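Here's the structure we're looking at; comments come further down.
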Amino acid sequence: MRKSRTQKLLVRSTLVIAVAIATTGALTLGAFDRLVVRQAEIERLHAVHGDIVRVRASIFRAEAAYRAFAIAGDEQYLEPYNAAVQDLDTRMQRLASNASLDAAELAEFKQLGIDLDVKQAEFARGIRDGLRGHLQDSTRRVRDGSARASLMSVIERLDRIDLAQETRLNNGQGRYQRMVDGAYILVIGAMLVSLVLLGVLVFRIYRASAWAYEARVELAARNVELGRLLAANDAASRHMHELSALMGYLHACNTTQEALQVLKDRLPALFPGVGGALYEWVSTDGLMQLTVAWGERGHLPVIRADECWGLRRGQPFTQPAGGGVLACKHFHHEVGDPRVEGIECLPMMAHGEIIGLLVLEEGVPSAECDEAERARAHDIRERAVEHVALSLGNLRLRESLREQSIRDPLTGLHNRRFLEEFVEREIIVAARKRADGDHPGFAVLMIDVDHFKKFNDEYGHDIGDLVLCEVARTIQAGTRATDIVARYGGEEFSVVLTDIAPELARERAESLRAAVAGLEPKGPRGFVGRVTVSIGLAHYPHDGACSADLHAAADNALYEAKRGGRNRVHLFRDAA
C-alpha cells in the first residue's frame, strides 16, 4: 500500500513537475518570442530614425551645393548636389513605404516628398538658369535667405516626426526591458517551484536543477548580448544627436575661426572619453597648425603633412603596435612605444582637397570585440570627420569668395565698394559717439600718384604695377590697424583715418606723403625714378555728412594739391 502510495505520489509529483516544466517552457519560449518581435520593432524604429537623420543631412548637402553653385557658378558643385538629391529621393521613398509607420506618418512623409520635389524643381530651374549664364535670381534668393526658408519648414516637420519616432523608440525600449525582467523573474520562479516539488525526488531535482542552470546561463548570455547591443545603439544614438547639434552650430557659423571655437567646445562631447587634436592646413608647403586639442596627451603645435601616413595616403590610418617606421612621425615616441598604438589619424577632405587632420587617441574597440562593432565605430568616426570637413570647406569657400569681392587683386588692398560701405558705417558710428559725448570725427584722404602715366609710358605697365604695389605697401605700413586703405581706381588710393582730429589727420597725411617720397622703386634696369603723391583731405563732420560728399570734398582738395604743384597735402576747408 505504501509502495502504491509512493508510486502514486511519484506519478503525481512527476505529472505536476512535468506540467510545471511544460508551462515554464511555454511561457519562456513565448517570452523569448515576444523579445525577438520587440527587438525587431526597435531595430525598425532605429532604421526609420537613421533614414530621417540622413534625409536631413542630404537636404543640407543639396542646399549647400546649390548655394555654392548659385554664388560661384562653378559646375563642380553639381556633382555633390546630384548625389545628395539621389540619396534624398531613395530614403524618402523608403520612408514613404515603410510598413512600421502608421497611416498618418506615411501621409506626412508622402507630403514631405511632394514638398521636396517642388523644392528640387525650383533648384533645377536655378541650375538650368545658371548653366545658361543667368545666375542673378538664384544668387539673390540665396543671399536674401528665401531659398533656405522653405527648406527649414521641411526640416522642422522632419524634426517633429523624428521626435515622435524617438518617443516611440524610448517607449519600446522601456517595454522591452520590462519584458526581459519579467522573463528572468519567470524563470527564477519556475526554478524555485521545481525545487520545492522535487524535494523528495533527488534525481528529478538534479535534472531540474541542471535544466534550470542551463536555462539561466543561456538567458544570462542573451541578456549580456542584448545589453551590449542596446548600449551600442544608445551610444550611436547619442553620437548622432551630438553630431546633428554640432552640424547645426557649424552651419550657423560665419567664419572659420568661429567654427574652430565651436569644434573646440563640441568635439570632446562628440567623442566622450577620447582625447584628440584638430590640425588645420595653413600653407601651400604642407604645414598643419594645431587649432584644437583636448585630453591628456600633448601634441605638436605645427606638423608637416609628409609626417603623417594618413595625410600621405589620403585615408584613415591607425598607428601600429610598437610604432617603428610605420608610425606617424608627428607623435613623441620611441621605437616600440606602446603609447601610440591604436591612435587614429583621420584626414579631413572637402571639395577634393585636404583641409585638416583629426587625431583621435582612444575609443576604438579592441581586438576582443567582434568585427561588426569595430567597423561600426570606425564608420561613426569617418562619418563625423566627413561632415565636419565639409562644413569647414564650405566656410573657407564662403570666406574666399567674400575676400575676392572686397579686395583689389593687384595691391591686395580693399576695393572701392568696401571703402564706401565702410565710410557709411563709420558715419553712423561717429554720429552715435558724437551724440554720447565729444568725438573728434574721422578723415578721408584721396591720394593720387603724381605723373603716374610717365611710368607706364617710359617703363611699361609692369613697372607701373610695381610702383602701385610699392605705394600701397607704404601707405598700408603708415596707417593704424583701425584705419582702412583702399585702391579707389587707377593710380588713386583712399584712406579712412578713424577717431582723429583734422590737425592730427593733416600730420598723418604729411607722414604718408613723406614716406612715399622716400621710395626708390627699382625695375630690371635699375632705379625707375622718384615717386610722389598728392593728397586731398576731408574731415567728418565738417566737410560732408555722407560718403559721396566726403569723397567729393577730398577730390576737390586733391585737385587743389595738384594745382598747387603736386607732392603736397591739401585740406578741403583750406580750398574752400
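The values are calculated or read from the model by the stated rules, or taken from the named source; none is laboratory data. Quick caveat, the model's predicted, so the values are computed rather than measured. Every residue, glycine among them, receives a Cβ derived from its backbone with ideal geometry; neighbour counts consider all protein chains shown. Surface accessibility is based on the protein's heavy atoms, side chains included, excluding ligands, DNA and RNA. Shrake-Rupley method; radii C 1.70, N 1.55, O 1.52, S 1.80 Å.
Here is how the numbers come out for the structure above:
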| quantity | calculated |
| --- | --- |
| Segment 518-576: number of residues that are within 48 Å of the chain's Cα centre (by Cα) and open to solvent by less than 80 Å² (accessible area, probe 1.4 Å) | 24 |
| Selection from segment 491-503 of residues that are open to solvent by 40 Å² or more (accessible area, probe 1.4 Å) and touching a residue at least 12 places away in the same chain (Cβ under 8 Å) | 491, 492, 499 |
| Positions within segment 414-457 being touching a residue at least 40 places away in the same chain (Cβ under 8 Å) and of a type in the set (Asp, Glu), in sequence order | 420, 424, 426, 448, 450 |
| Within segment 249-262, considering residues that are at pLDDT 80 or above and out of contact with any helix residue (DSSP H, G or I) (no Cβ under 7 Å at 6 or more places or on another chain), the one surrounded by the fewest Cβ atoms within 10 Å (Cβ to Cβ) | 252 |
| From 457, 448, 436, 408, residue being among the acidic types (Asp, Glu) and touching an Asp or Glu at 6+ places or on another chain (Cβ under 8 Å) | 448 |
| Matching option when the condition is closer than 30 Å to residue 228 by Cα, in a strand (DSSP E or B) and modelled with pLDDT of 75 or more, among 358, 278, 267, 290 | 358 |
| Residue selected from segment 206-239 under the condition open to solvent by less than 40 Å² (accessible area, probe 1.4 Å) and modelled with pLDDT under 75, by the criterion farthest from residue 267 (Cα to Cα) | 208 |
| Test: residue in segment 194-204 that is open to solvent by less than 40 Å² (accessible area, probe 1.4 Å), at pLDDT 75 or above and not β-branched (Val, Ile, Thr) | no |
| Scan of segment 429-445 for residues that are over 16 Å from residue 483 (Cα atoms) and either exposed (fewer than 13 other Cβ atoms within 10 Å of the Cβ) or under 40 Å from the mean Cα position of the chain (by Cα) (or both), ordered by number | 431, 432, 433, 435, 436, 437, 438 |
| Residue match in segment 52-70 (condition: without any contact (Cβ under 8 Å) to a residue 12 or more places away in the chain and open to solvent by 30 Å² or more (accessible area, probe 1.4 Å)) | no |
| Out of 401, 410, 466, sole residue that is out of contact with any Lys or Arg (no Cβ under 9 Å at 6 or more places or on another chain), touching a residue at least 24 places away in the same chain (Cβ under 8 Å) and open to solvent by 40 Å² or more (accessible area, probe 1.4 Å) | 401 |
| Residue match in segment 274-294 (condition: open to solvent by 40 Å² or more (accessible area, probe 1.4 Å) and closer than 26 Å to residue 59 by Cα) | no |
| Qualifying positions in segment 387-398 - open to solvent by 20 Å² or more (accessible area, probe 1.4 Å) and touching a strand residue (DSSP E or B) at 6+ places or on another chain (Cβ under 8 Å) | 390, 394, 396 |
